[in-house]
Each structure stands twice: as C-alpha cells, then as structure tokens.
1. Do the conditions hold for His137, that is, is it more than 17 Å from Gly272 (Cβ to Cβ), in contact with a Gly (Cβ under 9 Å, 6 or more places away or on another chain) and modelled with pLDDT of 95 or more?
2. (1) crowded, with 17+ Cβ neighbours inside 10 Å; (2) in contact with a helix residue (DSSP H, G or I) (Cβ under 8 Å, 6 or more places away or on another chain): which one isn't true of Pro511, the others all being true?
3. When segment 141-192 is examined, which residues are found to be in contact with a strand residue (DSSP E or B) (Cβ under 7 Å, 6 or more places away or on another chain), hydrophobic (A, V, I, L, M, F, W, C) and under 19 Å from Pro220 (Cβ atoms)?
4. Within segment 461-475, identify whether any single residue is in a loop (DSSP other than H, G, I, E, B), outside the structural domain of Thr91 (by TED's automatic domain parsing) and either in contact with a Lys or Arg (Cβ under 6 Å, 6 or more places away or on another chain) or among the polar types (S, T, N, Q) (or both), and answer yes or no.
5. Got a sec? Which strands (runs of 3 or more DSSP E) wholly within segment 1-71 have at least 3 residues that are in contact (Cβ under 8 Å) with a residue 60 or more places away in the chain and crowded, with 22+ Cβ neighbours inside 10 Å?
6. So which residues in segment 208-223 are over 24 Å from Trp122 (Cα atoms), surrounded by 14 or more Cβ atoms within 10 Å (Cβ to Cβ) and in contact (Cβ under 8 Å) with a residue 24 or more places away in the chain?
7. Checking the conditions here, which among Ala435, Ala500, Ala444 is in a helix (DSSP H, G or I), touching a Gly at 6+ places or on another chain (Cβ under 7 Å), at pLDDT 95 or above and crowded, with 24+ Cβ neighbours inside 10 Å?
8. Just to verify a result, which residue in segment 138-188, among those that are hydroxyl-bearing (Ser, Thr, Tyr) and under 21 Å from Leu121 (Cβ atoms), is surrounded by the most Cβ atoms within 10 Å (Cβ to Cβ)?
Amino acid sequence: MKKDQYVIGVDYGTDSVRSIIVDSSNGKEIAAAVFNYPRWKDGLYCNAALNQFRQHPLDYLEGLEQSIKTCLQQAGPAVAANIKAISVDTTGSTPIAVDETGTPLAFLPGFEQNPNAMFVLWKDHTSVKEAAEINAHAERFDVNYLQYVGGIYSSEWFWAKLLHILRVDEQVRKATYSWVEHCDWIPFVLTGGQHARDIRRGVCSAGHKSLWAAEFGGLPPDEFFTSLDPLLKGFTTRLFKDTYTSAQAAGTITGSWSERLGLPKDVVIGVGAFDCHMGAVGGQIEPYYLSKVMGTSTCDMLVAPKADMEGKLVKGICGQVDGSIIPGMIGLEAGQSAFGDAYAWFRNLLAWPLQHTLSQSSLIDKETASKLVEESLGKIIPALSQQAAQLPFDEKSELAVDWFNGRRTPDANQLLKGAISNLGLGSDAPRVFRAVVEATCFGAKNIVDRFNSEGVTVKGLIGMGGVARKSPFIMQMMADVMNMPIRIHRSEQTCAAGAAMFAATAAGIYPKVEEAMAAMGQGFDAEYTPDQQKVGLYAKRFRQYQTLGDFIEEQI
C-alpha cells in the first residue's frame, strides 16, 4: 500500500456533524472537527409536544463544509493533497422531499420555512398513524413485505414519514418528486448529481427502512402502496430498484465541491449508510457480538454469516439485510429510541428552575446567569452518576420503564410512554436517576433476550459512543444487568472512524472492509465485567420491569 494516503470520515449526528481525517495505513486520526447545527440548536421547525423534529438541509451542508475545512487547516496542505476518499454516515431514517433534480424542497421559493419541506429526523414520531396503517395493510398480502424489518413497521421509518407528509401538506405533496434519505443525499450532492434518479441508494437505508429486498426484486410493488393510499401511486418508479453497499463508490467529487473544500479533483465519494452501521465497523464488530452505539438513542448491530441465517427471521427488530454492515454478511439492527435522551430529559427536568428563574435574579446579571446555567447543565449528570453509584438498592427501590420516546425494539411501538414507580418522599434525584439508568439497561437486555430467543445467540457486547466512554456507572450497570462483559472501544468517534474505513475501501486502498477494519481499528481500552453479587437482584428487578412495562402497554 502506498504511503501518505488519507481519507475523511463524516458522521452526521442528531445535534452536530463531526469530520475526521485518518491515515489509511493505520487508522491514526490526523485531525477532527465538530460543527453544531445552528438552526437545530435554536429549535427551529421542531415541536417536541407533537413529537415533530425536523432539520434544515443547510445545517448539513454548512456543517459538511466547515468541519472538513477545519480538519484540513489542522492537517496542513501536504495531507490535503493526498486525500483519497470521503464517506458519510447519518442518522436514520431521516428522509426529505426533493424535486426532480434531487433538490430538497426547503431550498425552493415558498418552502424556506416549511417544516414539512425539511429533513424528517429519525426521532420524529408524527407518523405513528401511518405506521399502524402500514402494519395492518401488510397483513392483506400473500407476500409478507415486512418480513425483513422484523415484522413491524415503525413511525421512525421512510414510508410512514413520506405518507404522513403527503397527507398533511398539499403544497409539499404537489412539489415532491421523490423522497431521499440523508445518507444517500450527501454523496449525491458531493458527486454533482443532477437528477433524483441518479441518487445511489445504499442497501443499508433501503433494506432496513424502505422495505427493499433482493427477494422482492427491489421495493414492494406499486400496488402495495397505491392500495394503502392513492397518494403513494407511482412513487416506486421515482425511487430506486438497485442498491449499493458502502464499500462501493457513489462517484467522484464534483469540481465545485473540490474547490469549495480545497480537495483534489479525484477524491472518491463512497456510498452512504446510517451512523450505527458504520459505527459498528469503526468499533471492529465481530460475528455474534452485539455492537452498541450509545448516544441519544442506541443502535445495536450484529453480523452473522449468511449460511447461519438461512431460514431465520428475527421478529421485532429493525431488520436483517445482506451487506448492510459488512458486505457478504447479514446485518441485523435493533435499538432503543431513548438512551442518552432519557438522561438528558431528567437533567432538563431538574434544571428547569435554573433555566427559567435565574435570569430574573436581581443578584447577578443575565450574562453571568446564562453562564451559571450552562455550567450547571454540564455537571448535573456526572454528579447524579457519582451519587447514584453509591446508593444501596433492593427489590422495592424506585423502578422505571425507559419508553420516554416510545419503543424501537423489540416490537416497535412509538405510542408507548415512560414511567417511574415505587416513588416515595425519600425518592431524591440520585435515586430516580438511578432508576432511569437501570431502565435503559433493562431495555438493552430485552433486545439481547429477543436475539437469543430467535436463535441468534449473542456472545458478547461491544460498547461505543459518548455514553460508553464517559459513564463507568452506566456501563458497569449494563454488564451487571446483562450478566455479560462489555468491551469499550478506544475510538472517541467510532462512527466517523467507520466511515473512514469505508472510504478507504471505496477508494480501492483496501479490497475488503474487513481488511480496512483490521488495519485501521484502534482496539479496546476498557472492559466491564458483571458483579455477581448484584446479578441476582437485577434479574428480579428485570422481571418487575417487564411486569410494569406490560401494565403500561395495556393502559396505553
């Protein structure tokens, strides 16, 4: 392999985009930069009370440009001249309506401030009604078109969101030509695509969220969608039939983006994928080891040889797709709709008085008040974790259910709500926080138990992401609840690192992503093993969690 070959991995998260430049020979990070989405930070186009979460495409493009330019400034001109490829991962399913040229409607006159013309973020649950209709509708067909997505379609996914937007906004409906995932749109932009039909759709997004399957010859037939709602008539012909793995190239960077970023004109652009899928590769996934990307939500990834999965369809997960993680293997996805978001909700609940009353203080000025609030927000969860780790607990301690943003898996149901029980006058903030953390760990155990019960045995756990690296308290509890060791990957940015590995493969630096993963992987630097003195008690409390969850589900 030639020396001095560098690649860029771009990771689009919920709140920000981060880019890294990596030495393809050893995976060493040369530069890194993060760009926070300004419109998202201001809460534009969102309404949490309606579960509406939208993002403007300008946040993505400005973030792409600024984060890559900052990286190149750090790395210097010698590195910039030897960038060989860029690959991106994004949240998902996060689609947007586009016109025939592939331009998001948000960029067109009359749609600049219309939330329905924006990207519909993964956590947007405005389409729960449409998802329920898809699930009921699928039962009418001899072919089970939901069989490769766990048998249940979610409101977080492609078709439910498209149908909802078409129904609620006539102006957007009339202007919409096609519907595009974020992870497919960015490579299209970077390669200078001129028509929506030219968008190279990744098998990752297509198989896990869009009902594409090779066994169906592509997407389900138009009849399936038209008979659901005539508004969907003809969309399959304006979407796609073929898909590509992320080890393949989407094309070469267009001249305008080459100049805009200060990159060579022959930079390869890889096919995009979802963050958790590329993160699993960045975290050096192994067959039957559940790779948990733990951030605002969790995405739990597992790969298995194709021969092992013959005749197996795991119910209630987010799908199993050939090549969605590692080409040639079956990729299985599960996850929790709220993980870090559950902790952030509790933090914000506690911080409400600070956020809304400190600015009115007559003792300090507004600028000082704002800085105090910001400082306090950063200290709340570490302080809670420290205190919660020291608390004794038993079968009667505070108990929670983690469905604060609905339930992703097993068995998607975004109408479900979180709950906290066993409260008393002695239930202080650390005790309630401990219950919330425990609930997220129990939710993770539910996923492992589903894989095991469906004949896909989980051999171990790999932890990645901010929560995995920053919270020993949560990771130790995870190991205790699971009664299984969990290894923590060394990389601070496994998703961006995974994107870099796919970029190196798409550029031909490595013939297979497994070789890129072996050469560029950074290994593990921590492991949590179960405390056997707590395992039995957690097993009892897990059964209580299940009982409480059954009650909540019945009531809702």
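The values are calculated or read from the model by the stated rules, or taken from the named source; none is laboratory data. Predicted model only: the values in this text are computed from it and were never measured. Note: ideal-geometry Cβ built from the backbone for every residue, glycine included; neighbour counts use all protein chains shown.
1. So His137 fails the test.
2. The number of the failed condition is (1).
3. The answer is Phe158, Leu162, Trp179, Val180.
4. Yes, the conditions are met somewhere in segment 461-475.
5. Ranges flagged: 6-12, 16-23.
6. Within segment 208-223, Phe216 is the sole residue that qualifies.
7. Unique residue meeting the criteria: Ala500.
8. Per the stated criteria, the residue is Ser154.
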